[in-house]
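Here the structure comes first, spelled out in structure tokens, and everything after it is commentary.
The values are calculated or read from the model by the stated rules, or taken from the named source; none is laboratory data. The shown structure was predicted, so the numbers you read here are calculated from the model rather than taken from an experiment. Don't worry about glycine lacking a Cβ; one is built from the backbone with ideal geometry, like all the others, and counts go over all protein chains shown. Note: accessible area is taken over every heavy atom of the protein model, side chains too, but ligands, DNA and RNA are not part of it. Shrake-Rupley method; radii C 1.70, N 1.55, O 1.52, S 1.80 Å.
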Amino acid sequence: LSQDEKYIATETFGGTLEIIDTHTKLPVAKKQKTPINGAFIFTYDHKLLYFFEDAIRCWDFLDNKDMIVFNIPEQQKLHFGYTKIVCDNILYNVRTQTYLFEFNGRENTYVVAIKNLTLEQELLLPAAPTLSKLVYSEEQNQYTLTEKGCVVMYDSDFRVEERFTPPHIIKNHDGGGLFSITCHKTQ
């Protein structure tokens, strides 16, 4: 959904990307054979940033123009250890008006920051566990990433502010009132 809720983007399993006007419920634009697996985000000026074929691209769907904003360098592809690079997450930092594309590899988490359709910054962070994603808190202006059993909090410039081991969850239950209360420590 675009920030002003004027457009919605949908993607089929076959790789058809469609932009629909939420007021008229009619399609505005369609792009076929572009399987991007949900790796897209609207910009404030009604364009769509997306990751496809090792590049961050910008689709001006109202004028049907497409351009490459940033190609993943060959050197960075070596860090992934996979044959196909996948964008795991896209964040938007409202304060800096920056779009962050996250790519998780075996050795590192690679983050590419795009501002005004140009490269703002490239970061190599420690590898995040499977299904873990970079999170941005607008209220605290911090990023959080899980790393090898600990949580790392970064400031807005990705300097480590805090690193801690999360607490273990303890479950208490009384067996429905029939049994004595027990405590189980979850590791």
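So how strong a dipole does the chain carry about its Cα centre when Lys and Arg Cβ are +1 and Asp and Glu Cβ are -1, to the nearest 20 debye?
500
What does the extension gain come out to for Lys65 and Thr165, with contour length at 0.36 nm per residue minus their alpha carbon separation?
So the extension gain works out to 31.3 nm.
For the chain, with every protein chain kept in place, what is the accessible area per residue (1.4 Å probe, Å²)?
61
Assign one of three labels to region 1-84, namely rounded, prolate or oblate, based on the Cα gyration tensor with a ≥ b ≥ c the square roots of its eigenvalues; rounded applies when a/c is under 1.5, prolate when it is not and a/b is larger than b/c, and oblate otherwise.
Prolate, since a/c reaches 1.5 and a/b exceeds b/c.
Work through the residues other than Glu161 whose Cβ is under 15 Å from its Cβ and net out their charges, Lys, Arg +1 and Asp, Glu -1.
Result for the local shell: -3.
Within the accessible area of the chain, what % is carbon and sulfur when the probe is 1.4 Å and the other protein chains stay in place?
Answer for the chain: carbon and sulfur cover 51 percent of the accessible area.
With a point put 7 Å past each Cα toward its Cβ, work out how far Glu139 is from His23 in nm, to one decimal.
With each label placed 7 Å out from Cα toward Cβ, I get 3.4 nm.
Quick check of the Kirkwood formula: for the chain, what is the inverse mean of 1/r over all pairs of different Cα atoms, in Å?
The answer is 18.8 Å.
Put a dot 7 Å past each Cα toward the Cβ at Val94 and Thr12; how far apart are the dots in nm?
Result for the modelled spin labels: 3.6 nm.
With the cut-off at 22 Å, tell me which of the pairs Lys30/Lys65; Lys30/Lys115; Lys6/Lys84 have Cα atoms farther apart than that.
Cα-Cα > 22 Å for Lys30/Lys115; Lys6/Lys84; rest within.
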